[in-house]
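No value in this document is a laboratory result; all are computed from the given coordinates. Everything numeric in this text was worked out from a predicted model, so none of it was measured. All Cβ positions, even for glycine, are placed from backbone atoms using ideal geometry, and neighbour counts span all protein chains on display.
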Amino acid sequence: MSTEIIHNYDPHIFSIKVKRKKQRISRNQILKAIGCKHLSLDKIYTRGGNYFLFIYDTHPHLHGEDRPDFAEWADHPVLVQSLNHLTLNKWIQEGTKLVEEMEMNP
């Protein structure tokens, strides 16, 4: 079996369409792209449907009396069932919005 290389071809005649598998988006990709150490992204399961929740927390491992008064916390829901229902850029916008709100308020 021999392989033939075609030079100087017309791309309109010899075009090949390849279906690319849609790249799956992960929580790690989203959080890494945003780059905030205080941000997490959790999936919330409810009877009415699932959604995602960005959580900004400066002291996520301290609870109750151990939590300092100056600790900051906020959340931002994103009402989609799956990570792939939004583009990576849209996820970054949603998470960055919460980070900017929290870091601008003293």
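Ranked highest first by average number of other Cβ atoms within 10 Å, how do 40-47, 94-101 line up?
Working: 40-47: 11.4, 94-101: 16.5.
In decreasing order of mean packing, 40-47, 94-101 become 94-101, 40-47.
What is the distance, in nm, between label points placed 7 Å from the Cα along the Cα-to-Cβ direction at Thr87 and at Gln23?
Inter-label distance under the simple model: 1.2 nm.
Could you list the chymotrypsin sites (Phe, Trp or Tyr not before Pro) in segment 47-106 that lie in coil according to DSSP, counting only those with at most 13 other Cβ atoms within 10 Å of their Cβ?
Values: sites: Tyr51, Phe52, Phe54, Tyr56, Phe70, Trp73, Trp91; in loops: Phe70.
In loop regions of segment 47-106 (DSSP not H, G, I, E or B), the sparsely surrounded chymotrypsin sites (Phe, Trp or Tyr not before Pro) are Phe70.
Sorted by mean Cβ packing within 10 Å, highest first, what order do the peptides 60-68, 30-38 take? The partial results should precede the final answer.
Details: 60-68: 9.3, 30-38: 14.6.
Ranked from most to least packed, the peptides come out as 30-38, 60-68.
Just from the alpha-carbon atoms, what are the Rg and Dmax of segment 27-104 in angstroms?
Spelled out, the Cα radius of gyration and Dmax of segment 27-104 are 13.2, 40 Å.
Taking the Cβ of Trp91 as the center, what net charge do the other residues with Cβ under 12 Å away carry, scoring Lys and Arg +1 and Asp and Glu -1?
Working: positive: Arg27, Lys32, Lys90, Lys97; negative: Glu94.
In short, +3.
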